[in-house]
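Structure, as structure tokens:
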Amino acid sequence: MYLLVQEMWRGERSTDGTTDAVCRNCGRRSSLISRHLGLCADCIREEFDRALPQIREAHHRSRQPFHLPGQPPRDSGGVPCRLCANECSVADGGVSYCGLRTAEAGRFTGVTADRASVSWYYDPLPTNCVAGWVCPGGTGEGFPKYAYTDGPERGYKNLAVFYQACSFDCLFCQNWHYRRAA
């Protein structure tokens, strides 16, 4: 499974030894084109309507190894989920877009608003956290009220907590492995 997903996210060497890929729309060759998506940035920006079916297909392919729906379920008469903006409607036996909720007998099993699947670890400061630039532990902002030092707090740790799924569908997510937990 890991190797399959790794191939989708990373460029593989072509027969000429480069990591270039070719845009399916315009034929441009570049190392900045993902083989999985097969579209250059210009075609996505300038011909979005033409690129959209290929983008949707790439998203669908990236979800298949994890047995996740290719798009948020919209089953009429399904169980409505309002935990995120996708607002799934899942038929009995079906799974939500994030993969954490299954409809059974007209109700959801799995994650609820009160119960989540999470992982955590102690992250040494300064951290690479997405909020690192505003974190008192990484910047010293708010010293002395919110930080121990007037700068990065080396030698300290913060508690990093992550949900084991996501309602987004970023093709090149650095945390794609959370799909395994779904």
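A short reminder: the numbers here are calculations on the coordinates, not readings from a lab. All figures in this text were calculated on a predicted structure; none of them were measured in a lab. Glycine gets a Cβ as well: all are built from the backbone with ideal geometry, and neighbour counts include every protein chain shown.
Observations on the model:
- Entry note, the chain: the mean residue ellipticity at 222 nm calculated from DSSP H runs of n ≥ 4, each adding -39500 (n - 2.57), is -5000 deg cm²/dmol after division by the residues and rounding to the nearest 500.
- Amide H contacts of Arg74 (H built 1.01 Å from N, in plane; Pro and chain starts excluded): Ser89 sit under 5 Å, all sequence-distant by 5 or more or on other chains.
- Gyration tensor verdict on region 52-182 (Cα atoms; rounded if a/c is under 1.5, prolate if a/b is larger than b/c, oblate otherwise): prolate
- Cα→Cβ-extended label distance, 7 Å offset, between Tyr121 and Cys170, nm: 1.7
- Added length on full extension, which subtracts the Cα-Cα distance from 0.36 nm per residue, Cys129 to Arg50: 24.8 nm
- Shape call, region 118-163: gyration tensor on alpha carbons, a/c limit 1.5: prolate
- Modelled FRET efficiency - R0 45 Å, Arg29 with Ala105, Cβ distances, 0.05 increments: 0.25
- Label point distance in nm, Leu159-Val22, each placed 7 Å from Cα along Cα→Cβ: 5.4
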